[in-house]
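Below: one structure, written as structure tokens.
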Amino acid sequence: MWTPIAEEAERATRVLHPHSLRLPRPTRRRVITVANQKGGVGKTTTTVNLAAGLALHGLKVLVIDLDPQGNASTALGVDHRSGTPSVYEVLIGELSLAEAAAVSNQTPNLLCVPATIDLAGAEIELVSMVARESRLKEALTSEALDQINPDYVFIDCPPSLGLLTVNAMVAAQEVLIPIQCEYYALEGLSQLLRNIELVQSHLNPVLNVSTILLTMYDGRTKLADQVTSEVRGHFGDLVLRTVIPRSVKVSEAPGFGQTVLTYDPGSRGAMSYLDAARELAERGAREEMS
Ligand code: ATP
Ligand code: MG
């Protein structure tokens, strides 16, 4: 039987000795879009930390930064000044995925296709392009992905339901929705789910909401618990058991061009994201067997 202290100790050992933890490799490549049109709910933080968690434990991971803010690129320590090969050139068909991907400074298993400010105009430019909703999907062919050969692809979306997010949904099999444990957390969620259904019925029938992650949980507030149980009541098993606590280390890490997993591996934030990464990997493996 695990006591809380033994559990903490076991978690710390895992973080500090990454090789002691083995995560199952999915039999098929998983392409996961991280979306929520609400701003600041933890999309980028979740994308980069789950990606780092999987990559530090031996899996190969590609992050596609699809937000002109370029926050995921920053956290992964990847250059995203204007003019850098980026997802913009990939969307307009000028560069292949492999040509635009850069290796993160955190582990060689982690690559990122960065977003530069050039992407800000793309939403408008895309409108007049052929197959405007499928530009990213067309760039993510098996051949293009085989050149990088990731086990996981995460796509970090901007806070809107515009064409960039639609491109991300058309290119993926799974949607992961981060939900912040705060008042109004569920606001806008029905609109997000409706959009996902529209993409399913018109553009990408295999798309499914596979995962919901509760973020920025503050144990001192009653509200956080109310939101948690409301979300679990609504979405049941889609919600990961792991809840990400609000933690200063998590918010500091991007300022150092890092994820919290490399910035402070022993912190609560790092351990929670690692737990969430493990759950995501293990669930994927379980579903493949069933
Ligand atoms: P946007 O909609 O602008 O893309 P987002 O949904 O990607 O935002 P993040 O950028 O990941 O959200 O997070 C919003 C802010 O909250 C950031 O400053 C981030 O550092 C901070 N933050 C995220 N998760 C945590 C956490 N667990 N603890 C403390 N701060 C956090
Ligand atoms: Mg973001």
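Assorted remarks:
- Where Arg241 falls short, out of the listed (1) within 19 Å of the chain's Cα centre (by Cα); (2) surrounded by 14 or more Cβ atoms within 10 Å (Cβ to Cβ): (2)
- Pairs where the first residue, in region 68-83, is closer than 8 Å to Pro114 by Cα and near ligand 2 (Cβ under 10 Å from one of its atoms) and the second is part of a loop (DSSP other than H, G, I, E, B) and open to solvent by less than 60 Å² (accessible area, probe 1.4 Å), C-beta under 7 Å, 6+ apart: Gly70/His80; Gly70/Pro114; Gly70/Ala115; Gly70/Thr116
- Among the residues of region 207-258, those that are within 16 Å of ligand 2 (Cβ to nearest atom), part of a helix (DSSP H, G or I) and either touching a helix residue (DSSP H, G or I) at 6+ places or on another chain (Cβ under 7 Å) or basic (Lys, Arg) (or both) comprise Val250, Ala253, Pro254.
- Ala276 being within 16 Å of ligand 2 (Cβ to nearest atom) and crowded, with 17+ Cβ neighbours inside 10 Å: no
- Unique match (being away from ligand 1 (no atom under 16 Å from the Cβ), over 18 Å from Leu161 (Cα atoms), at pLDDT below 65 and out of contact with any helix residue (DSSP H, G or I) (no Cβ under 8 Å at 6 or more places or on another chain)) among Thr3, Thr13: Thr3
- Considering only residues in region 67-87 that are closer than 14 Å to Ala253 by Cα and of a type in the set (Ser, Thr, Tyr), the one that is most open to solvent (accessible area, probe 1.4 Å) turns out to be Thr74.
- Pairing each residue of region 39-67 that is closer than 22 Å to Ala285 by Cβ with any residue that is within 10 Å of ligand 1 (Cβ to nearest atom) and of a type in the set (A, V, I, L, M, F, W, C), provided the two are 6+ apart or on different chains, yields C-beta distances under 8 Å for Thr46/Val34; Thr46/Ile244; Thr47/Val34; Thr47/Ala72; Asn49/Val250; Asn49/Val260; Val63/Val48; Val63/Ala72.
- Residue satisfying condition, being assigned to a loop (DSSP other than H, G, I, E, B), acidic (Asp, Glu), under 21 Å from Thr262 (Cβ atoms) and at pLDDT 95 or above, within set Asp67, Asp79: Asp79
- Of all the residues in region 34-45, those that are near ligand 2 (Cβ under 9 Å from one of its atoms) and either farther than 11 Å from Gln180 by Cα or of a type in the set (Phe, Trp, Tyr) (or both) number 3.
- For region 44-66, filtered to residues that are open to solvent by 10 Å² or more (accessible area, probe 1.4 Å) and within 9 Å of ligand 1 (Cβ to nearest atom), the residue that is farthest from Glu252 (Cα to Cα) is Thr44.
- Checking the stated criteria, Gly93 turns out not to satisfy the condition of being under 19 Å from Tyr263 (Cβ atoms), small (Gly, Ala, Ser) and not in a helix (DSSP H, G or I).
The values are calculated or read from the model by the stated rules, or taken from the named source; none is laboratory data. Just so we're clear, the structure is a prediction, and the values are computed from it rather than from any experiment. All Cβ positions, glycine included, derive from the backbone under ideal geometry; neighbour counts span all protein chains shown. Surface accessibility is based on the protein's heavy atoms, side chains included, excluding ligands, DNA and RNA. Shrake-Rupley method; radii C 1.70, N 1.55, O 1.52, S 1.80 Å.
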